[in-house]
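S.K.: The structure's right below; bear with me while I get my questions together.
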């Protein structure tokens, strides 16, 4: 104790000046010296943040002898102590005086470990030279690096600070995967987002022993987080050392449909061959999993592909033991999609084919084909129209492959260039998303996958859903394109302008009438360049109780025009009338002729089966019992209203 007192008096005159003015600091000093008699003046000044001391000893030999000394109990240096208390000025002074930035304490922790634990805001100050970059990956005696510690502690500031300025990952691929798995384990999207923003290569890292990527091992919740940041779709189709993609591996696991669906929606090759030429459909059949088989067929799995031993999935299914009823169901699922007819013993082929042929579907399909070919045969111009109803996630039924009249079926019947046959398009709500995606060149299969991503990203939690998440999804899919970027089609998207009473139908258009600026403005035809496609879709999808209104004005177009077919036909008539008016009344030269209606295709999201319900009877409640009944009446009326505006109505 005497040594400390003499040392303080002879070297730290600045301290005495400070203590005479600050009784609190003096009290802390006395307590600190009594607990740590081995500490030098520089350690005490660093821990108590006495800046005057550093000014007084600048250039002194004493400071250079003690600045890098390790003191008990942690074996910390003065720099470690300054970081621990979080004083940026003292840290900078110590670095200027020559403090060893690479020094470690007795637990092997370096300056970055201390910054992560106590003062994340100082990490940027510690980037003193290029040599410090390696410290972020240097493990302590337990093997924990500062970056792993930051992720484990959940410090977003520390994680981002460590990753900035050309951060270099540790060269060991196994350690890189550990880092990514640690971020996933904590289930914090913010940290994972920061990690992958600076180190996107982590998604491509393969385990040195197995050759697996993180996608071979992730569960459903982890997978959704990872897929959000995936930019290279080929990563999903990487083969491990056994010759399997992530889809193959996950098809071997039971009760894994959610993971399989996500992989397919984000770009896994549904027909990717393994090393023995087996496709995912072969794997699903081997597992005797009916749900896996159906999911793969929905995403376009090819039933004609053969494994190395020459078997198609159907052949494989027929050779399986019949001890489980799923096998017969699998065979029945595969038969309609298989190129060759080889029915299983006892399979009800009549049920599979004859009963599923609907005469109305046949007539409708034939009628569409003939009407679409009409303008090829006639010199008179015809306009072909296609519209898509609203319906939320039921909009997926407008796309899916199956027995019904869907986009995928339409493409199969009319060819890849089927959309070229249509001149006018309309969409409401989910139908608006489909129409916009088609106009941007997306195929039905791509839109199908987009819908599954839409479901996973947007419809999380309880209603009302997060409108910002919906906007971000639409921005990502449609980019900065406006309605003016759609030049090969005339597109209308419906919304409801709810800032007036009664509410009014709002049509967003990709075109204007062949009239003057003033006349277009008077008739409500906005400039297409004023409306971003993502925002147009957002306005059309703002269903009450599901998403908040857009700009406090626009809500779901389905409230007024859930089936926009009639509005689309009216638009064609209005455009024709404007063309005639411009030509004959205004004597303007108008490009294009008046086109008559040719083929009109309306694709809906389907209707649920009817169920019995009491008629709505509004009354004034007189008792508490009647009040309870009245609440149920209001709920029934709300359900009736929603059903009327979201389901296509058919007249029998």
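The values are calculated or read from the model by the stated rules, or taken from the named source; none is laboratory data. This is a predicted model, so every value here is computed, not measured. Quick reminder, even Gly has a Cβ in these numbers, built from the backbone with ideal geometry, and neighbours come from all protein chains shown.
S.K.: Please specify each residue of region 218-236 satisfying the condition of being more than 23 Å from residue 460 (Cα to Cα) and touching a helix residue (DSSP H, G or I) at 6+ places or on another chain (Cβ under 8 Å).
M.R.: So in region 218-236, the residues more than 23 Å from residue 460 (Cα to Cα) come out as 232-236.
Passing the criteria: 232, 235, 236.
S.K.: Follow-up question, since we're still on this one. Just checking, which of 445, 487, 501, 512 is within 24 Å of residue 601 (Cβ to Cβ), surrounded by fewer than 22 Cβ atoms within 10 Å (Cβ to Cβ) and free of Cβ contacts under 8 Å to residues at least 40 places away in the same chain? So that I can check it myself, show each step before the final result.
M.R.: On the way: 445 fails: free of Cβ contacts under 8 Å to residues at least 40 places away in the same chain; 501 fails: within 24 Å of residue 601 (Cβ to Cβ); 512 fails: within 24 Å of residue 601 (Cβ to Cβ).
That would be 487, the only listed residue that is within 24 Å of residue 601 (Cβ to Cβ), surrounded by fewer than 22 Cβ atoms within 10 Å (Cβ to Cβ) and free of Cβ contacts under 8 Å to residues at least 40 places away in the same chain.
S.K.: Right, another one. Quick check on region 50-67: of everything there that is crowded, with 16+ Cβ neighbours inside 10 Å and assigned to a loop (DSSP other than H, G, I, E, B), which residue is modelled with the highest pLDDT?
M.R.: 67
S.K.: Answer yes or no: is there a residue in region 270-292 that is closer than 26 Å to residue 406 by Cβ, at pLDDT 90 or above and under 18 Å from the mean Cα position of the chain (by Cα).
M.R.: There is no residue in region 270-292 that is closer than 26 Å to residue 406 by Cβ, at pLDDT 90 or above and under 18 Å from the mean Cα position of the chain (by Cα).
S.K.: Give the residue that is nearest to residue 480 (Cα to Cα), with candidates limited to residues of region 525-545 that are assigned to a loop (DSSP other than H, G, I, E, B) and modelled with pLDDT of 90 or more.
M.R.: Pass one, region 525-545, residues assigned to a loop (DSSP other than H, G, I, E, B): 525-527, 531, 541-545.
Filter once more, so that each one left must be modelled with pLDDT of 90 or more: 525-527, 531, 541-542.
Working: 525: 21, 526: 18, 527: 16, 531: 10, 541: 18, 542: 20 Å.
Only one residue fits best here, namely 531.
S.K.: Do you know which residues across region 75-106 are within 18 Å of residue 158 (Cβ to Cβ) and surrounded by fewer than 17 Cβ atoms within 10 Å (Cβ to Cβ)?
M.R.: 85, 86, 88, listed by residue number.
S.K.: Answer yes if at least one residue in region 394-411 is within 27 Å of residue 594 (Cα to Cα) and part of a loop (DSSP other than H, G, I, E, B), and no otherwise.
M.R.: Scanning region 394-411, I find no residue that is within 27 Å of residue 594 (Cα to Cα) and part of a loop (DSSP other than H, G, I, E, B), so the answer is no.
S.K.: Right, something else. Within region 330-344, can one find any residue that is at pLDDT below 90, surrounded by 16 or more Cβ atoms within 10 Å (Cβ to Cβ) and in a loop (DSSP other than H, G, I, E, B)?
M.R.: There is at least one residue in region 330-344 that is at pLDDT below 90, surrounded by 16 or more Cβ atoms within 10 Å (Cβ to Cβ) and in a loop (DSSP other than H, G, I, E, B).
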